[in-house]
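What follows is a short report on a single structure.
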């Protein structure tokens, strides 16, 4: 019996159908879809989900497991987890004073002062009583006033020929 192209095609098609219908093995692999997340004890957890958590009041210890964002189960713990921290709220108004070189200064504070000997210049920065920055300078600040010497008197002597008499 000679098979035509059409006969070969029908034979191949029928063989494929028979394999698929009767469960004969095929060369295709079964594909499985895995839902993103973690599996623990047969249970699925979404990415980022808490799996378990607990607290031991006798030691103030918190612990647990969670599904991280890459699908791994991670354990965590925290000692002193229920300790309450007290914080002072930040002031709602700007404090009185001066802000200079990234620092606050109270009113009336001399912030800096100096002297440049090469130019005989004195300078200062002060936070005044109203919270204003004052910059001052004085040229010739270390000049000493001239000293005056009192006049000296020289006693005059009289000769005996000039005696008053």
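The values are calculated or read from the model by the stated rules, or taken from the named source; none is laboratory data. In this text the structure is predicted, and so the values were computed from the model without any measurement. Positions of Cβ are backbone-derived with ideal geometry, glycine not excepted, and every protein chain shown enters the neighbour counts.
Quick grid of which residues meet (1) at pLDDT below 85; (2) over 30 Å from residue 137 (Cβ atoms); (3) surrounded by 13 or more Cβ atoms within 10 Å (Cβ to Cβ):
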site: 38; (1), (2), (3): no, yes, yes
site: 56; (1), (2), (3): no, yes, no
site: 66; (1), (2), (3): no, yes, yes
site: 70; (1), (2), (3): no, yes, no
site: 76; (1), (2), (3): no, yes, no
site: 80; (1), (2), (3): yes, yes, no
site: 107; (1), (2), (3): no, no, yes
site: 114; (1), (2), (3): no, no, no
site: 117; (1), (2), (3): no, no, no
| message | If residue 101 satisfies all but one of (1) at pLDDT below 85; (2) surrounded by fewer than 10 Cβ atoms within 10 Å (Cβ to Cβ), what's the number of the condition it fails? | response | (1)
| task | Starting from residues that are assigned to a loop (DSSP other than H, G, I, E, B) and in contact with a strand residue (DSSP E or B) (Cβ under 8 Å, 6 or more places away or on another chain), keep the ones in segment 50-66 and report whichever is nearest to residue 35 (Cα to Cα). | result | 60
| Just a yes or no: is a residue in segment 15-24 at pLDDT 65 or above and farther than 30 Å from residue 132 by Cβ? | no
